[in-house]
Every structure is written in C-alpha cells, then in structure tokens.
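Note sheet for the following structure.
The values are calculated or read from the model by the stated rules, or taken from the named source; none is laboratory data. No experiment lies behind these values; they were computed from the predicted model shown. Every residue, glycine as well, gets a Cβ built from its backbone with ideal geometry; the counts of neighbours run over all protein chains shown.
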C-alpha cells in the first residue's frame, strides 16, 4: 500500500481503542504491512502491531492486493472502482519533536503541491505547472502566503513562494497541519490533509472518482468518467488539462472565505 492507502486504513481503525478493540490489517491469519505502514501507523493505539496478541483483534482485510476500493483489470491495465466504498478521514499521532519542527514555519499559509509521486499513475495526475504558478500568484495578490514543500528529488518548483524543507511524510504532515488550505492532486497528500483536518482543493481529473477516495470537507474537482487506467493515459491527461485555472481558484477562494 502507498501512504494514502495506509492513511485510509487509519480511518477504518478510528475509535477502535475507545470501543475496547484493536484492528488488525491482514488476511485474518497474519498482519500484512508494507514499507509505509510503520510511518503512518506509528503511535496509533487503534491498530495491532507485529508481535501483539491478535486473538481478540478485529480483522480488516485491507492490504496490498486487497484494497477494497478497487479490483485490478489486468487485461485493460486499469482499476475497476468499488463505488460502494467511502473513505473515512484517517488520523496521525505525531510526536512532540514533529510538532515542534512544524512551528518553525508558522501557520495560516496556503500550501500548493504541484508534484506527483514517481510511479506509473503519476502522469495521469499532473496539472500543468504554469497553472499552479498562476494560481499561486493570484492567491498572493489576494494577500495569502503561498508555500510549497521542498525535499530531495523535487521536480516541479513554483517561483516566488516560500519553500518549506521537510524530510519525510510525517514531517510534511506536521507542517501541513498548520496550513489554512491545501491544493494538490488526489493522492497521499490529500489523504493527509483529511487526516489533519485541513480543507483542500483536490484535483481528481479522470483517474479515480472522488466519491470513492475523496472527502466531503474538500473541494474535489473531477472531469468525466474515472477510467482507472494505471498506465500513462491520454484520457487522464486530457481530463487534468480540462480543469481550468479559474475553477481551481474559485474553489480555493470558497474555502478561504
């Protein structure tokens, strides 16, 4: 699972400890974690960890290869979305040093993230960089501070915004927690915004339907039918290109007012 998948898992486990249970993610016999699970599940009292007594845990079969919100259509190289699935905002249990780290950057800024993960679906979620740039300029004109994360391997950077250096996803979310608004594509960061309780404008385009992985507290922008193709896709690129600068700006101002 990716970072977003693990954050969705924390939403499924939310409140378990208060109900007197823990949630085990796996196949009913063994926990199935991935390389991102420890990052997201750290300090979470609702989730059973490796080595814990699982005899009284409640199992949820949510793990890589069994994500519940989709199934793979190998022949057509696409995901088929489970339209009955609804994402619940997750939660992160940040450590004191992470909260202290975030204070150095202040609060009340608009965080724009124009980058996408370096994986096959990445090109299907790219919104033109020049539109992100103009959006930032318009919001600065309106008096808002605009920031972007800076980290190793960053590929697309905005001009004239404050760059916030972060190491890893947990640091990024500790900073995001203090944002007034987040603007990004569908993915780990929009799940992080939901987990941190932050409003967001989320560009879904034509890959995944917001009814499945979106949140009611966000302004979700989708175009046409979500094809789910996980290879670079002309339909998805066209859908992202069809999202106008004016619409994203209007959605942002709606949440900022």
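In the stretch 201-213, the count of residues that are modelled with pLDDT under 95 and out of contact with any helix residue (DSSP H, G or I) (no Cβ under 9 Å at 6 or more places or on another chain) is zero.
Tell me which strands (runs of 3 or more DSSP E) are completely within the stretch 164-232 and hold 1 or more residues being surrounded by 24 or more Cβ atoms within 10 Å (Cβ to Cβ) and in the same structural domain as residue 249 (by TED's automatic domain parsing), or say none if there are none. Steps first, please.
Working: elements: 181-185, 200-205, 219-222.
Strands (runs of 3 or more DSSP E) meeting the threshold: 181-185, 200-205.
Within this structure, residue 155 fails the test of being part of a loop (DSSP other than H, G, I, E, B) and in contact with a helix residue (DSSP H, G or I) (Cβ under 7 Å, 6 or more places away or on another chain). Filtered by the rule that a residue be surrounded by fewer than 19 Cβ atoms within 10 Å (Cβ to Cβ) and part of a helix (DSSP H, G or I), the stretch 114-130 gives 122, 123, 129, 130. Annotation note: of 226, 179, 242, the sole residue that is modelled with pLDDT of 95 or more and within 30 Å of residue 95 (Cβ to Cβ) is 179.
Okay, residues lined up against (1) touching a strand residue (DSSP E or B) at 6+ places or on another chain (Cβ under 9 Å); (2) under 26 Å from residue 209 (Cα atoms):
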{"site": "4", "(1), (2)": "no, yes"}
{"site": "13", "(1), (2)": "yes, yes"}
{"site": "17", "(1), (2)": "no, no"}
{"site": "22", "(1), (2)": "yes, no"}
{"site": "27", "(1), (2)": "yes, no"}
{"site": "38", "(1), (2)": "no, no"}
{"site": "47", "(1), (2)": "yes, no"}
{"site": "61", "(1), (2)": "yes, yes"}
{"site": "69", "(1), (2)": "yes, yes"}
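It is to be established whether one or more residues within the stretch 87-95 are surrounded by fewer than 20 Cβ atoms within 10 Å (Cβ to Cβ) and more than 30 Å from residue 165 (Cβ to Cβ).
yes
Counted as qualifying within the stretch 1-100 are the strands (runs of 3 or more DSSP E) with 2 or more residues that are touching a helix residue (DSSP H, G or I) at 6+ places or on another chain (Cβ under 6 Å), namely 23-25.
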